[in-house]
Amino acid sequence: MNFLPRLLGLGLLSLLVMLLVMSCESTKPGGGEFGSPNRIKGEVIAKPESRQIVHFTDSSTEYITPRNELAQAFIRQFNDGTVIDKVLVRKAPAGPNDPISYYIIGMGLRYGRFRAMALPLTAGGDNTFYLRPNAECYTLTGIGCPTCFFNFENGRIVGTSCDENSGGNTCDLKVTNSVSLFAAK
């Protein structure tokens, strides 16, 4: 009779091991041995595409990406407490033979100082303009200046100016190529 409890114990142990093995996933979902790699949700595989921002018609400007979404994206791009309260797309002043360029501009304040960021847009077909992921990023910070302006030459930003020309008021310009305006969180 000592044999029966051991046999019963061994049977229960083997049943437990078999259930554990069956609960483990033994196959990989997706393609075969030579198929495409499995993609993990949330993983960035490729560089982000250009983002459609605005479409111009003969009589209006249609923001494809809503302005409130653009303002939030600018706030994330600043990432320093700057609050953006105005977003607009403006044509850059250019000479008669220069190509037409447009910039998306976000303006606001950080601790009472004027801040602005401008990003060049790339023309697509049919009067639609896009923001490239590798676009230049022009950032203005006013020091003693209530409002700063971007200075243009041949359709490109080349400097800044302050709306007040009193001594000590300046607008600092920083240029980077690290735009992550619409990068995944």
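The values are calculated or read from the model by the stated rules, or taken from the named source; none is laboratory data. Source: prediction; values computed, not measured. Note: ideal-geometry Cβ built from the backbone for every residue, glycine included; neighbour counts use all protein chains shown. Please note that ligands, DNA and RNA were not included when accessible areas were found on the heavy atoms of the full protein model with its side chains. Shrake-Rupley method; radii C 1.70, N 1.55, O 1.52, S 1.80 Å.
Phi angles across the range 137-152 convert, under the Karplus curve 6.51 cos²θ - 1.76 cosθ + 1.60 with θ = phi - 60°, into 3J(HN,Hα) values of 10, 9, 10, 10, 10, x, 10, x, 10, x, 9, 10, 10, 7, 9, 10 Hz, Gly and Pro given as x.
Please give the length that would be gained between ASP172 and ASP85 if that part of the chain were fully extended, namely 0.36 nm times their separation in residues minus their C-alpha to C-alpha distance (nm, one decimal).
Values: separation 87, 0.36 × 87 = 31.32 nm, distance 2.00 nm.
Gain on stretching ASP172 to ASP85: 29.3 nm.
Over all pairs of different C-alpha atoms, the range 48-177 has a mean inverse distance whose reciprocal, the Kirkwood radius, equals 15.3 Å. What does the net charge come to around GLY144 if you take all other residues with beta carbon closer than 13 Å to its beta carbon, with K and R at +1 and D and E at -1? Residues close to GLY144 contribute a combined charge of -2. The HN-Hα couplings worked out from phi for the range 84-101 by the Karplus form 6.51 cos²θ - 1.76 cosθ + 1.60 (θ = phi - 60°) are 8, 10, 8, 10, 8, 10, 10, 7, 7, x, 9, x, x, 9, 8, x, 7, 10 Hz, whole numbers, x standing for Gly and Pro.
What net charge do the residues around PRO93 carry, taking every other residue with its C-beta under 13 Å from that of PRO93, with Lys and Arg at +1 and Asp and Glu at -1? Result for the local shell: +1.
When ranked by the protection proxy of mean other Cβ atoms within 10 Å per residue, highest first, what sequence do the peptides 145-154, 55-64, 76-85, 94-103 form? It would help to have the intermediate numbers written out before the result.
Values: 145-154: 16.7, 55-64: 10.6, 76-85: 15.0, 94-103: 12.9.
Ranking, from highest mean packing down: 145-154, 76-85, 94-103, 55-64.
Computed on the range 73-168, with alpha-carbon pairs under 8 angstrom and 6+ residues apart, the relative contact order is 22 percent. For THR147, the residues 5 or more places off, or on other chains, whose built amide H falls under 5 Å of its own are ASP163, GLU164.
Rolling a 1.4 Å probe across the protein heavy atoms gives the range 87-185 an accessible surface of 54 Å² per residue.
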